[in-house]
Every structure is written in structure tokens, then in C-alpha cells.
Amino acid sequence: MKEIEVPKEKLPKHIAFIMDGNGRWAKERNLPRLIGHREGALVVEKISEIAFNWGINYLTFFAFSTENWRRPREEVEGLMQLLDESIDKFKDKLVKNKIRLKVIGNLDELPTYLQRRINYVVEETKNGKDKVLTVALNYGGRWDILEAVKKIALQVKENNLKIEDVNENLFSSFLSTYDLPEPDLLIRTSGEYRISNFLLWQIAYTELWFTPKYWPDFNEEDLRMACLDFAKRKRRFGGLENNA
């Protein structure tokens with residue numbers, strides 16, 4: 001594993017990934033789609049290790065969206081089992097390296113065995129402070145925003161909040177990512193140029209990076225290229241550069 005040629009202060013602190021193309025990767029090889037998902041799970045492990053080693057302390061992976069339930073039942077059931085296996089397999093490495101697992105999404109709709117696995121590993125890794133690996137399961141950006149609106153409305157109804165107190169910072173504190181910095185960089189694989197209902201509020205000023213590679217083929221060099229490109233960008237957050 002090589003060190004990256006970017007000063008730590010110019011690296012993204014938080015990278016979010018839309019891991020697209022597992023099924024197409026498998027189809028092009030005449031393999032079952034689930035094999036593509038299994039290869040994709042291995043890439044999550046490899047990329048996480050590399051990124052944390054470089055000093056990128058927050059990683060968020062879009063593993064299963066609220067829309068993915070529309071896929072064939074056999075594929076969905078296989079994905080649930082794969083997620084259960086992957087989280088269990090990853091646990092010891094997370095604990096050893098003091099990495100906290102965070103899972104966001106409507107978890108109540110997941111199979112009971114997967115909910116138990118998530119709760120167990122989240123509890124086992126809760127002491128990880130500086131590094132956080134977030135997995136978005138049964139997650140949608142619109143769902144996240146609506147849930148925040150409902151929570152705020154309830155607080156207002158119960159007279160714990162005033163309408164005039166609601167601002168961007170307060171709203172963000174009601175999202176599922178309340179304890180994470182907003183992503184600096186969003187990487188999407190497979191040549192698609194969509195956000196796909198992922199972290200809609202949180203990526204307002206996130207830098208976007210796309211690659212035609214399918215997720216199972218994404219590797220250290222691709223991550224390096226994305227980070228090098230990020231380091232060259234001028235992030236103005238709606239303002240102007242100092243000398244403009």
C-alpha cells in the first residue's frame with residue numbers, strides 16, 4: 001500500500017461512495033449478480049483500509065437504497081445475507097483499528113437477524129472516536145429529510161422548539177448524519193452521473209467525482225486519482241476566492 005502524494009490538510013476528511021455496477025460487472029462475466037455484490041463487499045474492505053491509512057477518517061458507503069426493494073426477491077434476500085456476513089466479518093478489524101461503525105437508514109424494515117447483527121457490531125465498535133465507517137442501508141435522502149421534518153415538528157408541537165429557532169444547523173442535527181461532517185467528496189462508479197437519492201441535504205457543497213469503472217474494479221489507484229483531483233479544486237462554498 002503506497003502513501004498518497006497529497007498533504008493531509010488537502011485530503012478530503014469525509015468521502016461518500018455510491019458503489020454502482022456490481023450487477024453489470026457480474027453480467028459481463030456471465031456470473032450471478034450476487035457474485036458481483038460479493039466482489040463489491042471485498043472492495044469496501046480494501047478501500048476502507050487504504051483511506052483510513054491515508055488519514056481520511058470518515059467513509060460512507062451507499063449499500064442499499066429505499067428503492068432497491070424493487071429488485072428481484074432472490075437478489076434482495078441474497079444482499080441481506082451478504083450484508084449480515086460482511087458486517088460480522090469486518091467486526092474484529094473495526095474493533096482492532098478503533099473504527100466506529102455507524103449504520104443509517106430505516107433499519108426497522110430490515111430482516112430481524114440483520115438488525116441484531118447491526119446493533120451488536122455498532123455496540124462493539126462504539127468506542128472508536130476518530131475514524132467512522134458509515135453504511136447506508138435502506139436509506140434515501142428524501143426519507144432522511146422527511147424524518148428530520150417529523151422530529152422537528154414534534155418538538156415544536158410539544159413546545160420544546162420555536163419555529164424561529166429552526167435554521168440549517170438545527171435541521172442538520174436532526175438528520176441521521178448528525179454526528180458526521182458533511183462529505184467533502186462523493187465518488188460514484190459505473191459511469192452513471194446521478195445522485196440517486198443519496199445524502200441530498202448533506203452534499204450541497206460536496207465535490208463530485210465519477211468513473212466509468214464498475215465498483216468491483218475500483219482500486220487504490222482510482223481512489224488516489226480522485227483524491228489528487230480533489231486536492232486541486234477550489235472550494236468556494238458559494239463565495240469568491242480571496243483575490244477575485
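If only the Cβ of Lys and Arg carry +1 and only the Cβ of Asp and Glu carry -1, the dipole of region 20-167 around its Cα centre is close to 240 debye. Relative to the current alpha-carbon distance between residue 178 and residue 166, full extension at 0.36 nm per residue lengthens the span by 2.8 nm.
Using DSSP to call loops (not H, G, I, E or B), can you name the trypsin sites (Lys or Arg not before Pro) in region 23-74 whose Cβ has at most 12 other Cβ atoms within 10 angstrom? List each step's numbers first, then the result.
Numbers: sites: 24, 27, 29, 33, 38, 46, 70, 73; in loops: 29.
Those satisfying the criteria are 29.
Residues 131, 213, ranked from the fewest to the most other C-beta atoms within 10 Å, line up as 213, 131. So which of 93/129; 46/232; 46/234; 46/89; 13/232; 46/91 end up more than 23 Å apart by C-alpha? Those over the limit are 46/232; 46/234.
Using 0.36 nm times the number of residues separating residue 153 and residue 70, minus their current alpha carbon distance, what extension gain do you get? Could you put the intermediate results ahead of the total?
Working: separation 83, 0.36 × 83 = 29.88 nm, distance 3.06 nm.
So the chain would gain 26.8 nm between residue 153 and residue 70.
The loop-placed GluC sites (Glu not before Pro) in region 4-83, going by DSSP, that have at most 12 neighbouring Cβ atoms within 10 Å of their Cβ come out as 5, 67. Among 211, 143, 31, whose Cα sits farthest toward the positive end of the charge dipole of the chain (+1 at Cβ of Lys/Arg, -1 at Cβ of Asp/Glu, about the Cα centre)? Most positive-ward Cα: 211. What separates the Cα centres of region 101-132 and region 158-199 is a distance of 19 Å.
Can you give the translational diffusion coefficient of the chain in µm²/s, computed by Stokes-Einstein from the Kirkwood radius over Cα pairs at 10 °C and 1.306 mPa s? Present the calculation step by step, with values, prior to reporting the outcome.
On the way: Rh = 19.1 Å.
Result for D is 83 µm²/s.
Would you mind ranking 134, 125 by Cβ crowding within 10 Å, fewest neighbours first?
Values: 134 24, 125 21.
In order of increasing Cβ crowding within 10 Å: 125, 134.
Over all pairs of different C-alpha atoms in region 1-128, the reciprocal of the mean inverse distance, the Kirkwood hydrodynamic radius, equals 16.0 Å.
Per-residue 3J(HN,Hα) values for region 72-87, derived from phi via the Karplus relation 6.51 cos²θ - 1.76 cosθ + 1.60 with θ = phi - 60°, read x, 4, 4, 5, 4, 5, x, 5, 4, 5, 5, 4, 4, 5, 5, 5 Hz in sequence order (x marks Gly and Pro).
Throughout, read-outs are computed from the coordinates displayed, never taken from laboratory work. If you're wondering where the values come from, they're calculated on a predicted model, not measured in any experiment. We place every Cβ from the backbone using ideal geometry, glycine too, and count neighbours over all the protein chains shown.
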